[in-house]
Structure formats: structure tokens, C-alpha cells
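A quick write-up on the structure given underneath.
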Amino acid sequence: MKDAQGIRNLAGIVSGEKDDLVVVISAFGKTTNALEIVLRTWMNNEDSYKDHLENIYDYHDSIVEELFRSDNPVKIRINNSFSDLKNHLTTAAKSDYDFEYDQIVSYGEIWSTLIVSEYLNITGNNNIWTDIRKVLITDERYRDANVIWDITSDNVRRVFNPESSQLFVTQGFIGGTLSGHYTTLSREGSDYTAALLANILDAESVIFWKDVPGLLNADPRWLPDARRLEQMSYREAVEMTFSGAKVIHPKTIKPLQNKNIPLYVKSFIAPLEEGTVVVAEPEVKRIIPVFIKKENQMLISFLPKDFSFVMGDNLAGLFSLFFRYGIKVNLVEASAVSIDVCIDDERLKIDALMNNLHQEYTAIYNDNVEILTIRHYNAEAVEHITYGREILLEQRTRSTVRYVVRKL
């Protein structure tokens, strides 16, 4: 959702449901991106962070003005929440970037759910607003937190109790530690939150409401002739998300598959259309190629300076460092004396890794590259997406081909 009309659409969808519901909401529009700019400028001691934050406030205030009467208490709650964030930015001593990221960026979901919850109430959809940061408890791995399952499960069953309400509104993407700090589950994590809640609550189904007609065989902004996939298996969905498809968070499928909970991906613009269903055993239909592009990548080759083999201890040591620095490896290929990895281009983390490795390894890299993946590929599909690109690395299996490429 990005505006008042999107919230009205949501209210219409909720009004048509008769079952007990937990509604999981993301931040509005590009709020997460905007808060990342606030964070970056604040960390750099630039006063411009105040202007960026004011723009975010104006955006949310314009939605409030369109949806509510001037005396509605939601405006006070939004103002108080913005004041809390301003106070943090004024008084907090800047510390670790990932820690500060979660304390600041997590506000986006709080603001969106306060507004949605109140609008649902005034339209007759009485609900309980729930702060998921006090329910979904995680470790302290900031920006990519791991859920502490036993504590979270007990909290979820106690808080989201249908005897208390038939409708709950809560936040995706965010959680909290036992010490009271905020955490996030990595970008696009709202889907994962919904899947976790569904698993714990033994939900009948999960529906993701998106701005697309379902899961497509490509991002339509990249390939305009993208087609909707009517059904998909859990396994296929995992393959797509691992390769970089952005419609579903990579961790989403496992909690649903574990309890055989069907996932529906539908359009909130056209809610009566079928969308896509993800289940264990979809009906067998004609398979078409699925195209996935993962941008903003860096291809790095690590070569041991002593020409030792990279297998065994060397390989284990490298991957332990990737984990320590929070670097996700999207593709890996090893030879006798080198290992090639493709990772997200996050320079602060990569620089820290390089400093750790520079005495033992030589590193050669290409930045500004992409990973192109085709599931169920054929020659025509390969030509379709590799034409006009330089192929730096290629991997093939029976059903999947992956290329690391850059534009010529």
C-alpha cells in the first residue's frame, strides 16, 4: 500500500472475509527506502536527515488527512511515534550501523499499522492493533535476525487469540530482542512474518496481496511479456526466491510447507481474480521458462597466495567469515586454487571481509554485475535474456541455468 486508496482497498478485502484474520502490514510505499536515507545521513552527521524525516512525516500526514476527521486520535499517535524517533536521533550515541538500522527503519511498519488499524475500526472492521516487536522475539543479529522459536510461539498463541478478537492488525518485517531492542528480518520480511504466524496459529491459508496479478514468470518491469503462473509447488517457489525473485521473501516457504498451508498470491487491485496458489503438489500443467534477475551484484574470485587447495579447511574458513560479516552468497563456484562467489554489493561488509583476508588471499572482482537465472530453460529462453551481455560465469543443471553477466 502506498496511499489512501490502497488502504480503502484493504478495508474492502477485509470486510469480505468472515474467518478469523491476522493482517500483516508492511511500511507504506517507499518508506523503508526513505528511512534508510535518514539513517545514512544521520550516521554521516549531516543535518539533512531532518529534512528527509520531515518529508516522511508529511507523506504519512497527507494519508491521515485524507482518511480521517481532524479530531481522530490516530494523528496524535502518529505524532508521538515520530517524536520518539526524533528524540532517538537527537540523543542516541551512534553505534553499529546494523543495530541503528533496525532501531530507526522499523518505525515504518509502526506508522502504517497505526493508520490501517484505525481506518479498519472506523469502517466497522473492529480489530486489535498488536506491536509485533513484543511478540516475535529474535536474537541480536541485526538486519537479519533469527526468530527464537519457543518464546515466539508461546507469545503468538497467547496474543493472537481468536477469543480476544476476530481481527488483528500487526507489522511485518520487524521483531524485538529479549533486551528490548528492535530487529528486522531482512528486506521484504513481511511475507516471512505472515508465514511464521500462519505456522504457529495453524492457519487454513495465507494470502499475499500484491500489486501484481500473482506470481509471474518474470518481473514485468524487466520483461513486459511476463505471464502469470496459475499454480506452483513449494519447491519451485523456494528455487525462485533463492535465485532472487522479489515477490516472496526467501524464508517464507518453509514454515508453510512444514504444515502444508497453501499460499495464495493475489492482486489487491483486482481482488476477484484468481492469482497464483503455491501448494505441495500442484496440478501438472505445461511448464514455461521462469526468468529471474538479481541486480547490484559483485563477482569476487579469492585465490590463496600459497596456492593451497580451497577445499576443506580453507573453504570452511571462508564461509564462516561470510556468515560473520552478514554476507549472503548468491552463487559459488570452486576450482583447485580459487573460489568465485557472487554476493550483494554491500561495500562496508565487503571491505571488512577483504581486510580480514588480505594476508592469505588475493581477491579479483567485478562490480555492477547481475545474476540471470532461468528455470526450465531452453535455447530460445537463454538467447532472450543473454543477448547483448557479457557472460562472466555460467552454471547449468538439468532444470536451471544461471549466468553472471554485465551489459556490453
Problem - the chain - charge dipole about Cα centre, Lys and Arg +1 at Cβ, Asp and Glu -1, debye rounded to 20 - result: 540 debye
Exercise for the section: With a/c under 1.5 counting as rounded, go ahead and sort the range 4-203 into rounded, prolate or oblate using the C-alpha gyration tensor (a ≥ b ≥ c being the square roots of the eigenvalues; past the cut-off, prolate if a/b is larger than b/c, else oblate). Expected result: oblate
Problem - Equivalent-ellipsoid semi-axes of the chain, from the Cα gyration tensor, Å, largest first - result: 37, 28, 20
Completion exercise
Dividing the alpha-carbon radius of gyration of the range 205-272 by 2.2 N^0.38 Å, where N counts its residues, gives 1.08
Completion exercise
Residues meeting the amide H criterion for Arg227 (H placed from the backbone, H to H distance under 5 Å, 5 or more places apart or on another chain) are Asn217, Ala218
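Where both partners of a DSSP beta bridge lie in the range 4-203, what percent of those bridges are antiparallel, to the nearest 5?
Looking only at bridges with both residues in the range 4-203, the antiparallel portion is about 35 percent.
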Practice task
Find the centroid of the Cα atoms in the range 179-236 and in the range 85-155, then give the distance between the two in whole Å.
Solution key: 19 Å
Problem - Distance between the range 273-342 and the range 46-60 - C-alpha centres, whole angstrom - result: 37 Å
Practice task
Using only Cα atoms, tell me the angle between helix 149-159 and the longest principal axis of the chain; keep it within 0 to 90° and round to the nearest 10.
Solution key: 20 degrees
Exercise for the section: Write down the percent of antiparallel bridges among all DSSP beta bridges whose residues are both part of the chain, to the nearest 5. Expected result: 75 percent
Exercise for the section: Count neighbours as other Cβ atoms within 10 Å of each site's Cβ, and list the trypsin sites (Lys or Arg not before Pro) in the range 303-408 that are DSSP loop with at most 12 such neighbours. Expected result: Lys305, Arg398
Problem - Backbone HN-Hα couplings from phi across the range 176-183 [Karplus 6.51/-1.76/1.60, Hz, Gly and Pro as x] - result: x, 8, 5, 7, x, 8, 8, 9
Practice task
Taking the Cα centre of the range 155-266 as origin, sum charge times position over the Cβ atoms of Lys and Arg (+1) and Asp and Glu (-1), and report the length of that vector in debye to the nearest 20.
Solution key: 160 debye
Exercise for the section: Please turn the phi angles of the range 96-113 into ³J(HN,Hα) values with the Karplus equation 6.51 cos²θ - 1.76 cosθ + 1.60 (θ = phi - 60°), one per residue in order, whole Hz, x for glycine and proline. Expected result: 4, 4, 5, 4, 5, 3, 5, 5, 9, 5, 5, 5, x, 6, 5, 5, 5, 6
Problem - Under Karplus coefficients 6.51, -1.76 and 1.60, residue-wise ³J(HN,Hα) of the range 38-50 in Hz, glycine/proline x - result: 4, 4, 5, 5, 5, 5, 8, 6, 9, 5, 4, 4, 5
Exercise for the section: Starting from the amide H of Trp129, placed 1.01 Å from N in the peptide plane, find each other amide H under 5 Å away whose residue is 5 or more places distant or on another chain. Expected result: Val169
Practice task
Mind grabbing the base-10 log of I(q)/I(0) for the range 290-407 at q = 0.13, 0.14, 0.17, 0.18 Å⁻¹? Debye formula, identical points on the C-alpha positions, no solvent, two decimal places.
Solution key: -0.54, -0.61, -0.86, -0.94
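FYI, it's all coordinate maths here, none of it is from the lab. The model shown is predicted, which means the values in this text are computed figures rather than measured ones. In this analysis, Cβ positions are derived from the backbone assuming ideal geometry, glycine residues included, and neighbour counts consider all displayed protein chains.
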